[in-house]
Amino acid sequence: MAGLVIANWKMHGSLALIAEFSQQWRGLPQLSKVDVVLCPPAPYLGAVSEAFEGLLLGAQNCAEQVEGAFTGEVASQMLAELGCHYIIIGHSERRSLHGETDAQVAIKARLAAAEGLHPVVCVGEALEQREAGEQDEVVSEQLLGSLAHVPCDRLVVAYEPIWAIGTGHTATPGQAEAMHGLIRRRLQEHYGAAGAGIPIIYGGSVKPENAGVLFGCDNIDGALVGGASLDAKSFWQIASAASAGRA
Ligand code: 13P
């Protein structure tokens, strides 16, 4: 499968950054064997889709309803209409700051999939849970709860250990691969043989310096990149590392 590298700009960016980023991006060599996705804040989806060629558009969240009196919410159908291909769902910041549960994540993932979008379902343990050796149980439970009745054909899973997000402390390749291997087994138990083809991407302080060694791991199919995705060159270097060695 092609690599998959997704930029999560979180609540960063501006029209000026989009203009600068796209100008720099155009000056960099085109990449093959990797799908590159840019998820800006929702108000900038239109500007990003106009500014870039060769990048896929993604959103950072969607509502858990189809439509109605839900002030401030954005439906997955609207995101699909705007040209989004991917939606990040259940990011740890949404789970911790907005109290999103596994059940809500599963509803959103189902709605996104029904619109033909790729739901990027995020899971990951907190530092205390890893220190207590509970990471396998925590991530397995989160994963199965977040995938209830979610079809697997467009699904992407992102493993983002919370202690590695925005901290500069990335998981070691061994830690990341062990968890990706566990997620792969859980996906195969849940979806049967189709579970083997679901991309599992890693997030948490991915930088150009550590991307190559992470992508060298068997079950790491790409990355969900926060801070380093705000710089065109750094993000390109990460995407380029994901394309290296792909069939
Ligand atoms: P950083 O790459 O800044 O650690 O963020 C990771 C992340 O949360 C991507 O969704």
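Quick look at the numbers
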{"item": "Coil-residue GluC sites (Glu not before Pro) of the stretch 92-146, DSSP, other Cβ within 10 Å capped at 14", "result": "134"}
{"item": "Computed label-point distance, nm, for sites residue 138 and residue 207 using a 7 Å Cα→Cβ extension", "result": "2.4"}
{"item": "List 121, 66, ordered by accessible area with a 1.4 Å probe, largest first", "result": "66, 121"}
{"item": "Separation of the residue 65 and residue 193 label points, Cα + 7 Å toward Cβ, nm", "result": "4.3"}
{"item": "Per-residue [θ]222 nm for the chain (sum of -39500 (n - 2.57) over DSSP H runs n ≥ 4, rounded to 500)", "result": "-12000 deg cm²/dmol"}
{"item": "DSSP-loop GluC sites (Glu not before Pro) across the stretch 1-63, with at most 15 other Cβ within 10 angstrom", "result": "53"}
{"item": "Residue-normalised accessible area of the stretch 149-188, expressed per residue, 1.4 Å probe, Å²", "result": "41"}
{"item": "Peptide ranges 187-198, 30-41 listed from the most packed, as the mean C-beta count within 10 angstrom indicates", "result": "30-41, 187-198"}
{"item": "Length added when fully stretched, residue 217-residue 73, from 0.36 nm per residue minus Cα-Cα", "result": "48.1 nm"}
{"item": "Whole-percent carbon and sulfur share, accessible surface of the stretch 103-247, 1.4 Å", "result": "52"}
{"item": "Alpha-carbon centroids, the stretch 46-62 and the stretch 138-194: separation in whole Å", "result": "25"}
{"item": "Segment residue 96-residue 153, extension gain: residue separation times 0.36 nm, minus the distance between their alpha carbons", "result": "17.7 nm"}
{"item": "Dipole magnitude of the chain, debye to nearest 20 (Cβ charges: Lys/Arg +1, Asp/Glu -1, about Cα centre)", "result": "540"}
{"item": "Normalised contact order of the chain, rounded percent, pairs of Cα under 8 Å and 6 or more residues apart", "result": "23"}
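The values are calculated or read from the model by the stated rules, or taken from the named source; none is laboratory data. None of these values were measured; they are calculated from a predicted model. Positions of Cβ are backbone-derived with ideal geometry, glycine not excepted, and every protein chain shown enters the neighbour counts. Surface areas here come from the heavy atoms of the whole protein model, side chains and all, with no ligands, DNA or RNA. Shrake-Rupley method; radii C 1.70, N 1.55, O 1.52, S 1.80 Å.
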